[in-house]
Amino acid sequence: MIFSGGRVFGLSIGRLIVVVPALLCIWACAPADGAIVFSDVTKETSITFIHTDGSSGQRYIVESVSSGLALFDYDGDGNVDIYFLNGAPLRGAKYDNAPTNELYRNEGGWRFTNVTERAGVGDTGYGLGVAVGDYDNDGDLDIYVNNYGPNVLYRNNGDGTFTDVASHAGVANGHKVGAATHFLDMDKDGDLDLFVANYLDFTYENHMIRTSKGIPKYAGPMDFPPMPNDLYRNNGDGTFTDVNIESGIAEHKGWGMGGVSADFDNDGDTDIYIANDEYANFLFQNDGTGKFEETGLIIGVAYDLHGDDQGSMGADCGDYDNDGWLDIYQTSYAEELTALYRNLGNGLFEDVTMVTGAGAGTMEYVTWGNSMVDFDNDGDRDIFVACGHLQDNVELYNNTTTSFCPNIILMNTGEGKFIDVSDQGGDGMKVKLRSRGAGFDDLDNDGDVDVVILNSRSGPTILRNDSPSKGHWLQVRLKGVKTNRDGIGAHVKVVSGDLTLIDEVHSGRGYQSHYGMRLHFGLGNRDKIDRIEVRWIGGGTDVFENIAVDQLITLTESGSEIGPR
Amino acid sequence: MIIDKKTGQRYAGISGNSQPAFLSARRNIVRALVILVIIYAVVAGVFSVKFLPHSNGQPLRLEESSDYTEDPVQLPVIKPLSTKQEVIDLKNEEIRLAEQLLRDFPDNEESLVVMGNLCYRHGDVVKALEYWNKALQINPEQASVYKSIALLYMKKGQFDDAVTQFRKALEIQQGLPDVYVNIGHSLMMSGRPKEAIEALQKEIQISPDADFAYFLLGQAHLQQKEYQKAQEYYEAAIKINPRYSNAYYGLVSACAKLGDRDKANEYSESFKKLKSEERKHLKGRKIEYDDFVETQKSAAITYINVGRMYRENGKLAKAEELLKQAAGLDPGNVVCFLELATIYQIKKEPAKALQMYKKISEIQPEYPLSYLVIGILSAHLNRYDDSEEAFRKLITLAPKKSDGYRELARLYLKTGQNLPEAQSLAEKAVALEAIATNYFVLGWACYTNGDNAKALPAIKRAIQLDPDNQQYRLLYKQIQQRN
């Protein structure tokens, strides 16, 4: 029986409607061997979010850099949901209905429901950066939104609703222009602290417009004073204490944008990397107690290979060469290559963008959200780069580039090189918008990583990964018991035959976004996991052995629990 | 990311270098200086004080120059642009001029290049490429156009295409400066450091002072993990340019990777200091929040390029009008004054030419060659005090070059003043540069001072070095006659 009960070959008719055209497209597009293919499924998702930058022609600088997004399972149903940040009306702009951030519940099968109102997360502030973490260790995920203006901490009530507790928690952070934000357990005490990056000191009074060849354009970051970033220590009682002075963070003023907090020196604590726009990037190295030393210059991540400041935008980390160390990928301004900093494992990084081809195709565009993800499950991490010019009229004074542009996918050859396969990347890679934040997660739980992109002044792009699979995979969700509940900062090593992969759980990454709390490992043709080691932040190391592939497993601290979902 | 040191503006650029000198002010200044050297040769030939034979051994005053009653050149005073509409109008006027040029010289590749360059400056690189390619169809032997196209590809990140175009430029003009370094840079950017090293080695043979080439060699060796070699090349770059912050950054990287943390820290301090000094230029940037001034300067380049075309094709009145307009738009651009000076020389209006050179010396007071031309033209116009002042300034600015000593000696010989000093000056000129014209002036000075014993070998040497020069032979004859 081929057709029975509304299912064909075990797939629902609805699913077939999605799958068949995608298969036809894959066949018609005839991707080259090894291509990574994305299908644009935005229309199928019922997502109606439209980003606004709050502009009214005044060209306030904050308009040009918004916003990020978060992918996380807010209701614990096993599906990754989407939270889009939104701008807000800036001086001179008028809207009939105030734009809000929007939360979309993933119903499965690429259907999403707008639950913003029900969940109570429709902040009307000017959203820039976002991070998600269980700051109160109550078993559900909370949201921190870094705004231009007072910030918001949405505590998850555990019933599908949230309450803004930023003021009570002491993390409203004044009235600043925000950027990236990360939850991390900086002092290994089992609860999540909060890093809050700030972009620059903009006010309506010091606003300015520049011109290029007489054409008006947004001013640059250097037209405004820099700001120090902020760091809050979790008091363990639902409140935080501002520790940016004693931690050493406040000593360094910059123009913060994206970033990621991770254990770059593999010493068991979480460091903070923050990309600065047109200025040296900061790597705050943690001494294990929450005191930080800024070491970006000497270790080789502050500047590009040539020692020039980059218009750094987003940054994420991952072990692209499977040598056991987290490397950093960073996006940048147009006419600059993005940067891939290889972690040499001896306390130093080197910019290998050129020799690896990791900047291929990026020079024409301003690049934003990014991540190193194994999209084709072949055992090495590829790179996705979201693109879109910051200037909405750039063509008028420089048509070497365009305001609306396609995104880029770089495939890892497995030999330390990347190839730009965007042109063979399916209809999803043909979308030309002005992308900003991007998130990467398995939205349909089919064992590969999909992509969500927030586009400035437009609807989002939802890309389903339809790559011809090259192998097995494993997804790992962590459950802390003594340490923070989602294993944020925990270091995971997966050994499968000759392949050893590492990753960490990060909260807040890429371009002012949050994603990837369940770690995804592509395994190629290896059909068994020999061993998984989890080094918990502030806890011990657990070892799990002989695990089946092609599944999502939950690993609980102390090894007491292992199981699917 | 490159930040304009003056305006603080963010603009994109290829890192490691302050943007290839593509149609830039620097390129125009270089071109201006080349023109100035050529003009000097012409001026020196036409207007310089010549030795005239005479019978009594006494210095002769030359015939007075013609009566130069030229009106001074009236240059327009153009107000700085202050509105967007004025910017638009000026850009439209530039386009109108370039289109007119295309109509006036329809089959001339240079007019297409002018239009291409204009499009590029206006940010329309698509059209720029079209015009440059049309220019190449008419005349494929234009190395500079291939170079422009190559630099454009570099800007777009199409490095393989850039290398192809650079190589075409080299096929036409081997040894063209700045080409191998850009090939090297492109190869580096496309991840081919080994090939880059080959190209960069060629550049430093052509331009031994190319600090950027040495820096890139450091970068290429760094990418090859040849840290010791990288360090050596960074140090070579710094030797040429002690304020080369990027090279210090390279040293930080190389030393750190060599395990020499102390050195790395030391170089990082130097790097941070230089970076911070570079950033100081950003102070006060908010005063100039638009690029109207830059737009106006860019428009001046169009007027100059179009004016030059008309000048080269004999339409001097039209050229003069456009170049004056250029001078009004950008009173700091030496090229328009040089072009105007050229026109006045063609029109035999030395007083006006002199006025232009004085403008140039006001803009670039430390550039010696303009004083040489001012001195020669002033002498030609019998303005001996001005001439003497200019030559003395030339000696101050370029004490190791013989031109100032020689020309001042020549002036004294012409005017019959300070004759013993003229001989000393001529001797100094010969000591600095043993060239024919210096020996000639020395011979003349010795002869005038009655020192035939020294005059004869000097003039003989001049003739040896330049046997076809009739002036030298005349002097030789006179000295022999006196003996």
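The values are calculated or read from the model by the stated rules, or taken from the named source; none is laboratory data. It should be emphasised that the depicted structure is a prediction, and the values quoted were computed from it without experimental measurement. Quick reminder, even Gly has a Cβ in these numbers, built from the backbone with ideal geometry, and neighbours come from all protein chains shown. Accessible surface areas use protein heavy atoms only, side chains included; no ligands, DNA or RNA. Shrake-Rupley method; radii C 1.70, N 1.55, O 1.52, S 1.80 Å.
Determine the order of B:K272, B:K318 by accessible area, beginning with the largest, at a probe radius of 1.4 Å. Display every interim value, and only then the final one.
Details: B:K272 95, B:K318 75 Å².
Reading off the accessible areas and sorting them downward yields B:K272, B:K318.
Distance between the 7 Å Cα→Cβ label points at B:Q464 and B:E232: 4.2 nm. How high is the FRET efficiency between B:V293 and B:K315 when r is their beta carbon distance and R₀ equals 25 Å, given to the nearest 0.05? Efficiency, rounded to the nearest 0.05: 0.25.
Taken over the Cα atoms of the stretch A:442-492, the convex hull encloses 135 Å³ per residue. Hey, got a sec? Which trypsin sites (Lys or Arg not before Pro) in the stretch A:32-108 land in a DSSP loop and have at most 16 other Cβ atoms within 10 Å? When the trypsin sites (Lys or Arg not before Pro) of the stretch A:32-108 are filtered for loop state and at most 16 Cβ neighbours within 10 Å, A:R91, A:K94 remain.
When the accessible areas of B alone and A alone are added and the area of the pair subtracted, with a 1.4 Å probe, the result is around 4800 Å², both sides summed. With 27 Å as the limit on Cα-Cα distance, the pairs of A:K253/B:K194; A:K188/B:K273; B:K156/B:K229; B:K239/B:K280; B:K84/B:K127 that go past it are A:K253/B:K194; A:K188/B:K273; B:K156/B:K229. Counted by Cβ distance under 14 Å from B:L129, the other residues give a net charge of +3, where Lys and Arg count +1 and Asp and Glu count -1. With the gyration tensor restricted to C-alpha atoms of the stretch B:182-324, the semi-axes of the equivalent ellipsoid amount to 41, 23, 12 Å, longest first. A full extension of the chain between B:K127 and B:Q100 corresponds to an added length of 8.0 nm, given 0.36 nm per residue minus the alpha carbon distance.
Set the Förster radius R0 to 41 Å, insert the Cβ-Cβ distance between A:K528 and B:D262 as r into 1/(1 + (r/R0)^6), and round the FRET efficiency to 0.05.
On the way: r = 49 Å, r/R0 = 1.19.
Step by step, r from the Cβ atoms, then E = 0.25.
Shape analysis of the stretch A:198-298 based on the Cα gyration tensor places the equivalent ellipsoid semi-axes at 31, 17, 10 Å, largest first. Take every DSSP beta bridge whose two residues both sit in chain A; close to 95 percent of them are antiparallel. Each residue, A:N346 and A:D323, gets one label point 7 Å from its Cα in the Cβ direction; the gap between the two is 1.0 nm. What number comes out for the charge environment of A:Y511, summing +1 per Lys or Arg and -1 per Asp or Glu over other residues with Cβ under 13 Å away? Here the charged neighbours net out to +1. Size check on the stretch A:70-180: the Cα extents along the three principal axes, sorted descending, read 41, 31, 22 Å. Using a probe of 1.4 Å on the protein chains alone, the accessible area found for A:T413 is around 50 Å². Taking GluC sites (Glu not before Pro) that fall in a DSSP loop and have at most 13 other Cβ atoms within 10 Å as cut points, what is the longest piece of chain A between them? That gives A:1-204 as the longest site-free run.
Rounded to two decimals, what ratio of Rg to Rh does the stretch A:434-565 give with C-alpha atoms and a Kirkwood Rh? Can you show the working numbers first?
Details: Rg = 15.6 Å, Rh = 15.6 Å.
Radius of gyration over Kirkwood radius for the stretch A:434-565 works out to 1.00.
All C-alpha to C-alpha distances of chain A, sorted into 10 Å bins beginning at zero, yield P(r) values of 4, 20, 32, 28, 13, 3, 0, 0 percent in whole numbers.
Beta bridges from DSSP with both residues in the protein assembly as shown: antiparallel share about 95 percent, rounded to the nearest 5. Note on B:E362 and A:D267: their simple-model spin labels are 6.3 nm apart, each label 7 Å out from Cα toward Cβ.
For the protein assembly as shown, what is the Kirkwood estimate of the hydrodynamic radius, computed as the reciprocal of the mean inverse distance between distinct Cα atoms, to one decimal in Å? Walk me through the numbers before you get to the answer.
Details: mean 1/r = 0.0311 Å⁻¹.
It works out to 32.1 Å.
Shown is the FRET efficiency for B:E171 and B:Q471, computed with R0 = 51 Å from the Cβ-Cβ distance and rounded to the nearest 0.05: 0.75.
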